1. Report the residue, chosen from 23, 78, 44, that carries the largest GNM mean-square fluctuation when the chain is represented by alpha-carbon nodes joined by springs under 10 Å.
2. Going by how many other Cβ atoms sit within 10 Å of their own, how do 38, 92 line up, fewest first?
3. Magnitude of the Cβ-charge dipole of the chain, K/R +1 and D/E -1, about the Cα centre, nearest 20 debye?
4. Take the alpha-carbon positions of the chain, form their convex hull, and give its projected area averaged over all directions (one quarter of the hull surface) in nm².
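Bear in mind these aren't lab numbers, they're just calculated from the coordinates by the rules spelled out. Since the model is a prediction, treat every value here as computed from it, not as a measurement. When we count neighbours, we look across all protein chains shown, and the Cβ atoms used for this are built from the backbone with ideal geometry, even at glycine.
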Amino acid sequence: MLQQSGSWLFEGIDHGGVGLSFFLIDSLPGAGPDLHAHPYMEVFVVHEGEATFVVGDQSLVAVGGQVVVAPADRPHKFHNSGSARLRITNLHPSPRTITRWLNSRNL
């Protein structure tokens, strides 16, 4: 079991040009990235905990076992909205992550 909060990145470009990149995230309550977008869809697999997502103008809560999809170029963000750790995998169908940060953290 992980003892600290953190994120780990796999970029396919560094592993023979695999066409997929992903983040493994283990976050404490309240933590999450700022508003951003990608030129490809992003798929979030929630393994454990609770996350509040904003995707475009929609807000939704996902818990362990649920999947959320952010369409290409759609601003999105999430944070751990539960009282326990959030464990999530963020899949990027690209050999390298490409992120455009949009300077807002408010949910």
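1. Comparing 23, 78, 44 in a Gaussian network model of the chain, the most mobile one is 23.
2. 38, 92
3. Dipole size: approximately 100 debye.
4. With the hull built on Cα positions only, its mean projection is 6.6 nm².
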